[in-house]
Ligand SMILES: Cc1cc2nc3c(=O)[nH]c(=O)nc-3n(C[C@H](O)[C@H](O)[C@H](O)COP(=O)(O)OP(=O)(O)OC[C@H]3O[C@@H](n4cnc5c(N)ncnc54)[C@H](O)[C@@H]3O)c2cc1C
């Protein structure tokens, strides 16, 4: 038995996958997979979710060492604390109203260039007022207003673009172009191209894109639409799950189970079985075959097309050729730190730190220099998150303790030579490289939080090989596919695949981010069930409100 309702281990009992008939198999238990399964469970469908990791949740999973617990892929989520937003409703629906959020407060991000600091304030008016305070020149004031308008316009245009992803391919041929057109004017251009239209002030641009680590690409490479979606997502503040990120699994899996579904961990899918151009089930790594009327993959499009389909199938259908048009995102390293002190004792606050080199306003150059020579170049961005400060329930679960996560970008290739070695047994050279990076990140933290010197009780660095090992991203991808203009031009990144009864969901269908991946789940469930799930969620929520 697992610690979570609706979750069990395939390794302990492989017959759990075959002793029942399921309406669908979902590969991967990230928020995309769990969301799809929960939306379908709400319509009475019995779903089997297969997760290769020993714990459920994908990037929303947490892990424990000694007296500490850390989250992996959630540091803050926008929109969920505002009751009327779609994302807030979607989370209420899939968790049956059990998931609660704690707001970060007025300031959610603090951007540093050396000692210069810029705060991102909750609410568009506050955001603009703060920015105008930092950039008082009349032309900058105009640019800031234009910038916020553009963010909202691009976000608005994205609705029909992503709705088109759920439309059956034949219909998409007729109406797809029209549905995508509005957003393409924003997505076809890089963030830098769009921002250069409104300002020539490089410092202002560098500050406005100060959250570029949230999508992993500097402004000359990222599509403006991903920048706009992320900036708008946080514009009204951000939140953290009360009780930690594991509350997502704890509250969503029972909804899947309530319709007879099950989430199985330690359940690695080796192949999606296809007969006569139809998906008929999956073959597990141990060789067991599990059959179902449909298979939905939330394991990423590269994993699905390149690693889970027989090469004959993917070649014949041109899927590998399509993959050449997209690229995996950059990888990351993360230093997970534990302290035997409370948040108050350490003086930690909730807002994230984004630390850039002093006068380092050219993010693209900083990023390129670092990728070329990581050991002798300053980190192009260092992100520090304070989960213990964000979760109001933390002190109940871990009294007298605190945690911090520090993230920076990394290339998978730096670690490639150790990819065939086992976890924890990758050798002295690997450990030494890790230790060097860990010390650099700690020193960066001490620069900005000197009170933490001498107080670190535990630290552990994850590398792109950890991401591959635990989350099965082949290049340690931080955000699935790169969010370039080309990515948003690819029609094949959609729910339906050329294989009947095989569907895609999660971050590669919409975009990276918990909100993007869950929206992917909603779109996929809508397309499969041929129902407007968004509408049903809204009605359910209104009824819930009336009854309460
Ligand atoms: C370090 C980091 C920080 C982040 N911070 C934030 C943040 O603060 N806010 C935010 O909104 N977003 C954040 N994100 C992004 C967000 O976490 C992801 O975009 C989102 O969780 C992706 O969800 P998903 O379901 O599409 O994919 P995943 O969560 O990656 O789920 C895919 C699952 O498929 C499983 N799988 C793969 N292959 C197989 C197989 N063969 N058989 C069975 N299972 C398989 C994997 O193990 C994994 O569990 C962050 C991501 C990272 C990595």
94, 384, 5 arranged by Cβ crowding within 10 Å, fewest neighbours leading: 5, 384, 94
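Over all directions, average the projected area of the Cα convex hull of the chain and note it in nm².
Numbers: hull surface 97.1 nm².
Value for the chain: 24.3 nm².
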Relative exposure of 420, 286, judged by other C-beta atoms within 10 Å (fewest first): 420, 286
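On full extension of the chain, what length is gained from residue 529 through residue 178, given 0.36 nm per residue of separation minus the C-alpha to C-alpha distance? Don't jump to the answer; show the numbers that get you there.
Working: separation 351, 0.36 × 351 = 126.36 nm, distance 2.37 nm.
That pair, residue 529 and residue 178, stretches by 124.0 nm at full extension.
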P(r) tail fraction, the stretch 122-236 - alpha-carbon pairs more than 18 Å apart, %: 52
Alpha-carbon radius of gyration plus Dmax, which is the widest Cα pair, for the stretch 254-308 in Å: 12.1, 35
Packing-based exposure ordering (other Cβ within 10 Å, fewest first) of 53, 363: 53, 363
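All of the numbers you see were taken from the coordinates with simple rules; none came from a lab. What you see is a predicted model; the values in this text were computed from it and never measured. Using ideal geometry, Cβ is built from the backbone for each residue, glycine included, and neighbour counts are taken over all protein chains shown.
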